[in-house]
Amino acid sequence: MTAALDTLRRVFGYPSFLGPQEEIIDHIIGGGDALVLMPTGGGKSLCYQIPSMLRQGVGVVVSPLIALMQDQVDALLQAGVRAAFLNSSQDQATASAVERRLRMNELDLIYVAPERLLTERFLGVMDHLVGDNRLALFAIDEAHCVSQWGHDFRPEYIQLSALHQRYPGVPRIALTATADHLTRQEIIVRLGLEAARVFVSSFDRPNIRYTVVERGERNLSPRSQLLDFLGGHSGAAGIVYCLSRKKVDETAAWLNDQGITALAYHAGLDAATRQRHQQRFLREDGIVMVATIAFGMGIDKPDVRFVAHLDLPKSLEAYYQETGRAGRDGEPAEAWMTYGLNDVVIHRLRIDESTAGDEQKRVERNKLDALLAWCETAGCRRALLLRYFGEEARACGNCDTCLDPPELWDGTIAAQKAMSAALRTGQRFGAGHLIDILRGKATEKVRQFGHAKLPTFGAGADLDDAGWRSVFRQLLAAGLLHTDAQAFGGLRLTDAARPVLKGEATLSLRKQANRVGGSAPAGGRPGATTSLAPVDARLFETLRAWRADLAREQGVPAFVILHDKTLRELASRRPASLPELLDIPGIGQSKAERYGEALLRILA
């Protein structure tokens, strides 16, 4: 047995490595540099934690989030690993005590914020360590933060290239759960990883079910659609993403009025409130966090059962990153989004009106186009998502388009009517006005501009408002129309529209769906007692209550003690001795010694 495998089993309680973990660990132990792209929940942390324990000295982990550091250190301490963190949440005395432990060779891992790492004080500590050959490695977590094209850009990450210049003999491992080809190349260049080995795991998260519903289906409000979806997740932890702070606050308040425990999180809240809400989400069961994208990166909670989007994210990368916070424990989870025409218009205008350079605008438009194509696809969502990251895949059978394939119809004539309406009104009006014209609605605005006299007035009476919104949304997604920032969001034809308008090309469109919420995963909605017999489910809940009491006593999230998946194994297998307990995945030597007697009493 290798030292790495022995550490995995003895310390972390897992019988074998997953995917390329062992190869990555061996490479880093041997002194090599690496860029690791691995999905959330794929076990990235072990790729630097085990080498830090087996190489001489301490592993320095660069992490952008205080909460993530705290959770990972708590989990390592539970497993008997010597770990600590340094960040702005600590007072001077605490930070000095951690630095003393670092100098005294009393730590295997130290988690540091990038701005703290690059201070002269901490660089001086590392100079001392490297002089004694006690700097094991650098791990740069959430490495996509270095990308200016990415959705989580952190300027201080660019300065991390200084690590290689100052300590060329110390191996580095950069890790991220999401990076398209452009972001990948930027990570390599900006961190000086040109000679590093690149390890790319499958981006597939097969336990997550993807569902997109059209906003306003069945004349329900988006909130009602969300409530319908949440009805299948009673008592489960989840995240609801909104684009604006105001919408976050209003949605959280409304959910609480509906009897759902919901908390708000966005950058407009004071730091104490954000921290309090995040701690509740991590440490209590069944909390729904309503948030902007300010929340989530590095959130280590394994039992998030759903991620819902009430607004369109910025890109497929952002969507993958945000939905990846669901189902980290490998159990069934759902990613649900409601999406409408206004999303497309708002995002396109945001890009056009930004102060970014032309090249960045081009990149952002391409990313948005890829996301819109994913929203409107009639094929497998998972396969298209994976192809975006350069990975081929077959239809998954676990997304809405696989489970309930949309019907297609020949939308050529409808598209011609829609584009003709745009042309005849000077390409200065948005979809709402054009739909009124097509449906023959003589509104005040239609009469004011004389548009009731156009040949297209009433030409689209065969479709209702929702039907025409679907047509315009698909024309925007297909790149046949685009929004004109100069005309306050007016729709203009692109060059690609001409062949369809002239009848030289046909166009297939999706029919409107009739779904409101997501479909339940195979075996029912994701839940804490999935796949357990009733008697085992009762034992599982007893174990969860025991764990919750311990977590409160120790002031840590429940999952750092034992994951739900481990409790489920305990409830179904019911080990009766310490050796049998050590056979349960997730229970290593330290946890067996610490909790073994109590667990065996509960299981007896």
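Nothing in this text is a laboratory measurement; each read-out follows from the coordinates by a stated rule. On a predicted model such as this, the values are computed, not experimentally measured, just so you know. Glycine gets a Cβ as well: all are built from the backbone with ideal geometry, and neighbour counts include every protein chain shown.
Just a few scattered comments:
- Alpha-carbon geometry of segment 534-603: the Rg and the Dmax are 11.1, 31 Å, given in that order.
- Ranked by how many other Cβ atoms sit within 10 Å of their own Cβ, fewest first, the residues 74, 132, 465 fall in the order 132, 465, 74.
- Taking amide H atoms as placed 1.01 Å from N in the peptide plane, the amide H of residue 241 lies under 5 Å from those of 291, 308, 309, 310, each 5 or more residues away in sequence or on another chain.
- Think of the chain as having a plus end and a minus end, set by charges on the Cβ of Lys, Arg, Asp and Glu; of 133, 34, 242, 242 sits farthest toward the positive end of this dipole.
- DSSP finds beta bridges in the chain, and of those with both partners inside it, around 10 percent are antiparallel.
- Rounded to the nearest 20 debye, dipole of segment 182-311 from Cβ charges on Lys, Arg, Asp, Glu: 180
- A cut-off of 5 Å between modelled amide H atoms, ignoring neighbours fewer than 5 places along the same chain, links residue 411 with 507, 508, 509.
- Neighbour counts of C-beta atoms inside 10 Å place 328, 544, 473 in the sequence 544, 328, 473, starting with the fewest.
- Site-free segments of the chain were taken between GluC sites (Glu not before Pro) in DSSP loops having at most 16 other Cβ atoms within 10 Å, sites themselves excluded; the longest one is 285-390.
- Inter-label distance, nm, simple model (7 Å from Cα along the C-beta direction), residue 82/residue 443: 7.0
- The amide H of residue 213, built 1.01 Å from its N in the peptide plane, has 337, 338, 339 as neighbours under 5 Å, considering only residues 5 or more places off or on other chains.
- Segment 408-510: relative contact order as a whole-number percent, Cα under 8 Å and 6+ apart: 40
- In terms of surrounding Cβ atoms within a 10 Å radius of their Cβ, 293, 437 rank from fewest to most as 293, 437.
- Shown here for segment 74-159: chymotrypsin sites (Phe, Trp or Tyr not before Pro) in loop regions (DSSP other than H, G, I, E, B) with at most 15 other Cβ atoms within 10 Å, namely 153.
- Put the Cα centre of segment 107-153 next to the Cα centre of segment 368-383 and the gap is 37 Å.
- The chain, helix-only ellipticity at 222 nm - DSSP H runs n ≥ 4, -39,500 (n - 2.57), divided by all residues, nearest 500: -12500 deg cm²/dmol
- Extension gain (nm, one decimal) between residue 391 and residue 285, 0.36 nm per residue minus Cα-Cα: 34.6 nm
- Two-site FRET efficiency, residue 408 against residue 100, from Cβ-Cβ distance with R₀ of 56 Å, rounded to 0.05: 0.25
- Each residue of segment 173-188 is assigned a 3J(HN,Hα), and the resulting list reads 10, 9, 10, 8, 9, 7, 6, 6, 4, 4, 5, 4, 5, 5, 4, 4 Hz, derived from the Karplus form 6.51 cos²θ - 1.76 cosθ + 1.60 (θ = phi - 60°), x at Gly and Pro.
- Working note: Karplus 6.51/-1.76/1.60 with θ = phi - 60° gives segment 244-254 the couplings 10, 5, 4, 5, 4, 4, 5, 5, 4, 4, 5 Hz, where Gly and Pro are set to x.
- In sequence order, segment 326-342 has phi-based couplings of 8, x, 5, 7, x, 7, x, 8, 10, 10, 10, 9, 9, 9, x, 4, 4 Hz under the Karplus curve 6.51 cos²θ - 1.76 cosθ + 1.60, θ = phi - 60°, and Gly or Pro positions carry x.
- Under 21 Å from the Cα of residue 246 - lysines, other chains or at least 8 residues apart: 314
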